[in-house]
Ligand SMILES: *Cc1c(COP(=O)(O)O)cnc(C)c1O
């Protein structure tokens, strides 16, 4: 039950946009405040030792965080949501449920910070990772060893927007009795719901689309598995990667417009992707909505729409890409994604710089590759801005 006394509908029948605004939230029983209060208190008075109202200490539980976790869970169609102070905090906390000697199969162009957690942090604790392209689920199955405990994938992936078949890989995971974690940051639950496709866990950087306003760093893990949720709640409390109540409030506020924002992100991105795909200075445009995209059919099957991210290779390598990015006025040259404002970045020099150059090249993250997070500004203005970028690139 998402709302207690006020509304008693069957919540599962409510539409996404209704849940985004109301799930986990109800007028404050004391004041009637319609907006969820920001409860900053680190501690909560008890009627007697151990006799409290559900909260004792804010690392273990906080009313504002509780509301956010309920809203997250409702949107992703999950029984449980556990919020963290960052997406990387969510990733690390999930991996803390594994043990030394365990093995994870990871998508080969996951977020650079996720690669770094596996490659530099977890390795030290004896958790091994194999990075691979997951386009062929049979190859994923062949990579499972007796030590494998988890498959970890991102779809659309970052920055190449590769599409992996969640349902097919979930079938492999079930057959081999391993968990499947899907990083759903790029798609958001508005466009794709991995738990319904058979994933064990969904992880998000709520820094991106979920908050949507580039003013919070946060993360969340979600699952329908009660035992796993209990372990994650334990790790959340024990390891302590919790978000602040103020950040929880901001993300709750951002979530209210998730559906509306995603509709505009999708519409503008598909307009710009069509235009970029036919541009003379573009070697290749990557957007799952393009018929030319290798993952288009699978994306059409598992996503409601194709998202707000585009990558493309500008002719002329690093000099052209650098000139392009410097000429932009509306798109900020910045890392991150998923905000209402448009961002552009150079994966090889920025977000994916922690991946060795050879590996980057092998993956197809070229020197001219530019990644766009298409915001919800006027799409004509965005196109004019990109035209200025191409004019500058042509002069290099
Ligand atoms: C940003 C990002 C992360 C990491 O999240 P933070 O909030 O920056 O810690 C993980 N996965 C993806 C796909 C991301 O874009």
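For the stretch 60-71, indicate whether the set of residues that are in a loop (DSSP other than H, G, I, E, B) and under 21 Å from the mean Cα position of the chain (by Cα) is non-empty. Among the residues of the stretch 60-71, not one is in a loop (DSSP other than H, G, I, E, B) and under 21 Å from the mean Cα position of the chain (by Cα), which makes the answer no. Filter the stretch 180-201 down to the residues that are farther than 19 Å from residue 85 by Cα and assigned to a loop (DSSP other than H, G, I, E, B) and list them by number. Within the stretch 180-201, 187, 189, 190, 191, 192, 193, 198, 199, 200 qualify. Looking across 233, 204, one residue alone is part of a strand (DSSP E or B) and either surrounded by fewer than 24 Cβ atoms within 10 Å (Cβ to Cβ) or within 16 Å of the ligand (Cβ to nearest atom) (or both). It is 204. Restricting the stretch 95-133 to residues that are more than 21 Å from residue 173 (Cα to Cα) and not in a helix (DSSP H, G or I), the residue that is nearest to the ligand (Cβ to nearest atom) is 111. Every test in (1) under 30 Å from residue 174 (Cβ atoms); (2) free of Cβ contacts under 8 Å to residues at least 60 places away in the same chain; (3) surrounded by 22 or more Cβ atoms within 10 Å (Cβ to Cβ) is passed by residue 262 save one, and that test is (2).
For the condition touching a helix residue (DSSP H, G or I) at 6+ places or on another chain (Cβ under 7 Å) and within 12 Å of the ligand (Cβ to nearest atom), residue 92 qualifies. None of 217, 251 is within 16 Å of the ligand (Cβ to nearest atom) and either outside any helix (DSSP H, G or I) or in contact with a strand residue (DSSP E or B) (Cβ under 6 Å, 6 or more places away or on another chain) (or both) except 217. Applying the condition of being under 17 Å from the mean Cα position of the chain (by Cα) and in contact (Cβ under 8 Å) with a residue 24 or more places away in the chain to the stretch 330-340 and asking which residue is surrounded by the most Cβ atoms within 10 Å (Cβ to Cβ) yields 338. Is one or more of the residues making up the stretch 77-89 over 18 Å from residue 202 (Cα atoms), surrounded by fewer than 24 Cβ atoms within 10 Å (Cβ to Cβ) and touching a strand residue (DSSP E or B) at 6+ places or on another chain (Cβ under 7 Å)? The answer is no; no qualifying residue exists.
Looking at this structure, is residue 153 assigned to a strand (DSSP E or B) and within 11 Å of the ligand (Cβ to nearest atom)? In short, yes. All told, residue 348 meets the bar of being away from the ligand (no atom under 16 Å from the Cβ), at negative phi and modelled with pLDDT under 95. A Cβ distance below 6 Å, combined with a sequence gap of six or more or placement on separate chains, defines the contacts here; from the stretch 93-120, residues that are within 25 Å of residue 233 (Cβ to Cβ) reach residues that are within 11 Å of the ligand (Cβ to nearest atom) and in a loop (DSSP other than H, G, I, E, B) in the pairs 93/241; 111/158. Here's a check for you: in the stretch 305-329, which residue that is crowded, with 17+ Cβ neighbours inside 10 Å and part of a loop (DSSP other than H, G, I, E, B) is farthest from the ligand (Cβ to nearest atom)? Within the stretch 305-329, the match that is farthest from the ligand (Cβ to nearest atom) is 316. Note on the stretch 20-38: residues that are in contact with a helix residue (DSSP H, G or I) (Cβ under 6 Å, 6 or more places away or on another chain) and surrounded by fewer than 19 Cβ atoms within 10 Å (Cβ to Cβ) total 1.
The values are calculated or read from the model by the stated rules, or taken from the named source; none is laboratory data. Since we're looking at a predicted model, the values are computed, not measured. Note that we place each Cβ from the backbone using ideal geometry, even for glycine, and neighbour counts take in every protein chain shown.
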